[in-house]
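The values are calculated or read from the model by the stated rules, or taken from the named source; none is laboratory data. For clarity, every value in this text was computed on a predicted model and none was experimentally measured. Methodologically, a virtual Cβ is constructed for each residue, glycine included, from the backbone with ideal geometry; neighbour enumeration extends over all protein chains shown. When the accessible area is computed, the model is the full protein with side chains, heavy atoms only, and any ligands, DNA or RNA have been set aside. Shrake-Rupley method; radii C 1.70, N 1.55, O 1.52, S 1.80 Å.
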Amino acid sequence: MAVCARLCGVGPSRGCRRRQQRRGPAETAAADSEPDTDPEEERIEASAAVLAGVGGGLCAGPSPPPPRCSLLELPPELLVEIFASLPGTDLPSLAQVCTKFRRILHTDTIWRRRCREVLHRYRHILGLWQPDIGPYGGLLNVVVDGLFIIGWMYLPPHDPHVDDPMRFKPLFRIHLMERKAATVECMYGHKGPHHGHIQIVKKDEFSTKCNQTDHHRMSGGRQEEFRTWLREEWGRTLEDIFHEHMQELILMKFIYTSQYDNCLTYRRIYLPPSHPDDLIKPGLFKGTYGSHGLEIVMLSFHGRRARGTKITGDPNIPAGQQTVEIDLRHRIQLPDLENQRNFNELSRIVLEVRERVRQEQQEGGHEAGEGRGRQGPRESQPSPAQPRAEAPSKGPGGTPGEDGGEPGDAVAAAEQPAQCGQGQPFVLPVGVSSRNEDYPRTCRMCFYGTGLIAGHGFTSPERTPGVFILFDEDRFGFVWLELKSFSLYSRVQATFRNADAPSPQAFDEMLKNIQSLTS
């Protein structure tokens, strides 16, 4: 590579003796600076000139000067190889030469190689991670960005706007500088980057520490810090939140999370593997969780079951626990639109399916499927921080509906063909509360599902029946029957690199690990 760099003008020798490629007529006419000779002759003469230089006079007589070339003429692949071999301190200046160089210097290949060869200590931290922040968790994406490795914390949009894009803020960055040195900076707070430290605990775990936590403080004290955090986290002031229970949850989260001061431990998470037979593409979704706000859920498929695992959580159902489980063997046929408004009718249909599931379990006809569907701890449902009757997705003042109506079709058999392309009118029953009233009014299909509700501190968890509603490829919902509440989920529209599981077994093991931390 050093020889290649010298030949291409990086080193002391400015003359490039690379072999010339045969050009077409138009390219030959445009090359005004090149001698009007046959390309084959040019290659022969260039080779002879090189031999003459190496052999110290083996070729007698004068030889024409070799043709000169510019780095700009080299293909991008070769420039990537050259730039990757240069010291890190040279790259900022090189990026200012021209647009082409700057674009090439943003190639991940260069920085992945530098992470392996130059910054070998940090080569394992690219990808997705979940911070250990008690029940709240989080989603960290570590990426290469120019001359930095940056850890971005991804945050859900402000409640209840579940379809809005994700928000993100930097927590730390690693400045790629000298060949054997790097600067770690903490980005937490509002006073700019300051000194930090990263420790690689093991391959799938690392920790961050801020060495200047005074940079996190504000002149107005904790009150100013809380008001600033509240605007960023919720997009409003405490006076705008009239629900007392919600105010308590918000204040509790601020006190708990701010004590860490960006000194956190992170554990690797993977995106769920995809299979052609999956109902929809698995991935990350934003979901409404009542007084707890929006939370991030990972939807994954496991044979005839689908699971929603919390990436961010709350004091009732912590991060890492399952929030819903969908039984894809038991499809539910909703009644006509008028009867959908009757909560008692929906409850009757769902309870009929639950009874069928219990009978099948007793008969042992689906033991294998049940065993596979229950790997790891029990599922976790959004639930209030106080009594279980107050669901996180249940707003204040909700009352059960008393509408009458004729019963609709009870349950569609599991073998009924799924008509993904056809839409069915959908409306929530009267008395079922929803944080977001702007839910879709048509759905593709529905399935029987369960979730867990629990008291504060994940106490007395209980699996309860519900309905999974598939709206489209990017949105689904879940009706919590016992809580009379509805959660709406919308896909996280972001591209994450270095986040694929090396194998399905590795993904399953990851799920077990993050669930065990809060079980």
Review point. So between Arg348 and Asp163, what do we pick up on full extension, going 0.36 nm a residue minus the alpha carbon distance?
Key: 63.5 nm
Revision key, fill the gap. Quick shape check on region 267-346: root eigenvalues a ≥ b ≥ c of the Cα gyration tensor, a/c under 1.5 is rounded, otherwise prolate if a/b tops b/c, else oblate, and it reads oblate
Practice item. Measure off 7 Å from each Cα along the Cα-to-Cβ vector at His197 and Gln493, then give the distance between these two points in nanometres to one decimal. Key: 4.3
Practice item. Kindly identify region 436-519 as rounded, prolate or oblate by the Cα gyration tensor criterion: order the square roots of the eigenvalues as a ≥ b ≥ c, call it rounded if a/c is under 1.5, otherwise compare a/b with b/c, prolate if a/b is larger, else oblate. Key: oblate
Practice item. Please get the size of the charge dipole for region 460-519, origin at its Cα centre, with Cβ charges of +1 on Lys and Arg and -1 on Asp and Glu, quoted in debye to the nearest 20. Key: 140
Review point. Given the C-alpha centroids of region 451-498 and region 224-285, what is the distance between them in whole angstrom?
Key: 16
Review point. With each label point set 7 Å from Cα along the Cα-Cβ vector, what nm distance links Tyr260 and Asp500?
Key: 2.9
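If each residue of separation counts as 0.36 nm, what is the full-extension length gain between Leu337 and His243 once their alpha-carbon separation is subtracted? Please list the in-between numbers first.
Values: separation 94, 0.36 × 94 = 33.84 nm, distance 3.23 nm.
Residue separation times 0.36 nm, minus the Cα-Cα distance, leaves 30.6 nm.
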Revision key, fill the gap. At R0 = 45 Å the Cβ-Cβ FRET efficiency linking Arg123 and Gln361, nearest 0.05, sits at 0.45
Study note, to complete from the structure: For Arg354, the accessible surface traced by a 1.4 Å probe with all protein chains present amounts, in square angstrom to the nearest 10, to 70
Check your understanding: Ignoring ligands, DNA and RNA, how do His195, His215, His245 rank by accessible area with a 1.4 Å probe, largest first?
Key -> His195, His215, His245
Review point. Once phi is turned into ³J(HN,Hα) by the Karplus curve 6.51 cos²θ - 1.76 cosθ + 1.60 with θ = phi - 60°, what whole-Hz value does each residue of region 184-195 show in order, with x for glycine and proline?
Key: 9, 10, 7, 10, 6, x, 10, 10, x, x, 8, 5
Review point. Hey, rough spin-label estimate for His175 and Arg231, points 7 angstrom out along Cα→Cβ, what's it come to in nanometres?
Key: 2.9
Check your understanding: Any idea what % of Cα-Cα pairs in region 139-290 are farther than 18 Å?
Key -> 67
